[in-house]
1. Subtract the Cα-Cα distance of Asp92 and Arg114 from 0.36 nm times their separation in residues, and report this length gain in nm to one decimal.
2. List the pairs from Lys102/Lys129; Lys129/Lys336; Lys291/Lys321; Lys177/Lys212; Lys190/Lys302; Lys98/Lys336 whose alpha-carbon separation is above 18 Å, in the order I gave them.
3. Using a 1.4 angstrom probe on the protein heavy atoms only, could you order Leu304, Leu309 from most to least accessible area?
4. Just how far, in whole angstrom, is segment 342-402 from segment 134-198 if you go by their alpha carbon centroids?
5. Take Asp390 and Cys154, extend 7 Å from each Cα along the Cα→Cβ direction, and tell me the distance between the two endpoints in nm.
6. Could you tell me which of rounded, prolate or oblate describes segment 276-369, using a ≥ b ≥ c as the square roots of the eigenvalues of the alpha-carbon gyration tensor, with rounded for a/c under 1.5 and, failing that, prolate when a/b is larger than b/c and oblate otherwise?
7. How are the alpha carbon pair distances in segment 334-387 distributed across 10 Å bins from zero to the largest one, expressed in percent?
8. In 5 Å bins starting at zero, report the fraction of Cα pairs in segment 134-220 per bin as a rounded %.
Amino acid sequence: MASPGEASVNETHVGKKKKLPARYWQELQEEERKDENKVKKDGEQSKEALQQEEDKTQKAKKRKQDQSPSDGEKVKPEKSDPFPGPAPIPEDRLQKFKRKDKLKKPHRKQHKLRDIIARSEDASEMAQKQAARFDLLLPEEAGFLEGDEDEDTCMISQEDIAEAVDITSGAKYFNLKLSQFGPYRLDYSKTGRHLLLGGRRGHVACIDWASKQLMCEINVMESVNDVKWLHTEAMYAVAQKKWLYIYDSNGIELHCIRKFNDVLRMQFLPYHFLLATAVSSQYMVTSGMDKKLKVYDVRTFKPLKSYFLPAGAACLSLSQKGLLSAATGDVVQVYKDVCSMPVTKPYMAHRLRGTVWGLHFCPFEDVLGIGHGDGFTSMLVPGAGEPNFDGLDANPYRSAKQRQEWEVKALMEKIQPDLISLDPTELAQVDQATWEQRHQDRVEVLGFDPLAKEKFVPKYKKKGRSSAGAIERRKKQVAHEEQRDVIRKSVEDKMKMEKERKERERKKAALSTQKSALDRFKK
């Protein structure tokens with residue numbers, strides 16, 4: 001007989017059901033039921049969202065209908081653009097970039113030439129407008145000296161300017177005392193970064209004047225008349241006493257041109273890759289012992305302006321912005337706007353330690369290089385350099401790789417020497433004399449004038465028989481017929497010549513077989 005405690009324990013075990021482990025199909029069914037419940041919940045939520053969106057759309061439509069004007073009210077038009085079309089360009093800026101006048105249109109029969117000229121004029125006009133628009137975006141402007149009231153700018157010294165400007169600009173004013181081999185001639189590279197000095201007694205030096213680093217220094221052991229950079233700062237030419245020499249930036253002699261002897265002045269044309277002994281731009285400035293400074297237009301060979309100097313100028317140089325420097329003894333005077341308006345006094349003046357022998361403005365810098373008997377002086381001339389440079393043409397900050405790429409591109413785009421001209425408008429004109437001579441030579445070779453005969457113009461036909469394809473077929477048919485006539489005529493002429501040749505041979509053979517009275521004496 002069990003005890004009461006045991007009976008209670010057995011009852012508890014019997015009353016509770018034992019939980020069995022779930023099978024794999026039961027787990028799958030449970031997961032499917034959960035997924036179905038989730039899909040139902042998502043569907044209910046999406047239906048609620050769609051209903052809310054539809055309610056919002058209906059409310060917006062109702063709001064628009066309430067705000068729409070009645071039949072009696074007028075609807076206000078939308079605001080129009082107050083500045084329609086492209087922005088206007090000032091006329092003075094358009095004239096600044098004007099290329100050429102409009103050409104006279106040829107005859108109507110030359111419709112292709114008329115179209116080419118019209119397209120060329122449209123492209124030129126578009127380029128003119130774009131250049132005028134982009135000119136507004138150039139960030140830099142040339143800055144000139146402006147004196148106080150009753151103050152003459154030519155009385156301002158270089159020391160005062162160097163103290164007033166910033167440290168970088170002030171460092172551009174310096175002196176090199178080279179009294180042993182002077183006086184000196186000089187030249188700046190196209191980028192304005194490098195300086196070339198040539199002393200009268202044979203001293204030649206290349207300097208990166210911005211960083212004051214010496215590239216090379218040699219003595220050619222004979223007199224030097226002039227020095228000039230070539231297309232890059234890696235080569236330069238030296239006009240020595242007897243011949244012309246080419247050196248590299250390390251001072252190594254590359255070439256000696258013996259045909260160029262006793263050269264006094266040089267100028268390098270970078271776009272033609274030509275080294276010339278004479279200078280050709282639009283204006284030429286001369287000075288002599290008559291104490292007059294004259295400005296010539298080299299296209300007309302007539303003087304435009306004439307100025308009186310205290311003494312004859314030994315050296316002259318023009319800057320990129322049209323400033324003229326003239327050296328008289330040990331004094332350098334800089335004049336402004338000498339080509340456009342009469343000048344009564346110099347813009348700047350500076351006295352040096354020795355007699356001036358060479359002048360040259362640095363490109364893209366307000367700097368005038370002066371070679372004199374006591375060395376070299378870098379003079380500050382505000383407003384002399386072009387403030388905006390073209391990085392694809394002459395970049396003062398280019399690397400060695402950029403210089404190599406530019407050199408290859410410049411060689412590929414080299415301009416032929418036939419295009420050198422004092423008048424730049426001649427490039428857009430047709431050389432009529434040369435064309436007529438070529439046409440005359442062609443007529444003499446062919447025996448007839450190929451342009452004398454008018455071209456075949458098909459007649460207009462109705463009922464769709466004058467379509468573009470039909471007209472071209474008729475033109476080709478007429479051309480083939482003309483070609484057949486020419487071929488037929490040439491064949492007939494050839495047969496006629498062959499017949500005449502055979503007749504001559506027959507007559508010659510008959511004469512050779514005919515006996516004469518002298519034949520009896522033959523053995």
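1. 5.0 nm
2. Cα-Cα > 18 Å for Lys129/Lys336; Lys291/Lys321; Lys190/Lys302; Lys98/Lys336; rest within.
3. Descending accessible area places them as Leu304, Leu309.
4. 6
5. 3.5
6. rounded
7. P(r) over segment 334-387, rounded to whole percents: 23, 47, 28, 2.
8. Histogram of Cα-Cα distances, whole percents per bin: 3, 10, 15, 16, 16, 15, 12, 8, 4, 2, 0.
The values are calculated or read from the model by the stated rules, or taken from the named source; none is laboratory data. Quantities reported herein were computed from a predicted structural model and do not represent experimental measurements. Quick reminder, even Gly has a Cβ in these numbers, built from the backbone with ideal geometry, and neighbours come from all protein chains shown. Accessible surface areas use protein heavy atoms only, side chains included; no ligands, DNA or RNA. Shrake-Rupley method; radii C 1.70, N 1.55, O 1.52, S 1.80 Å.
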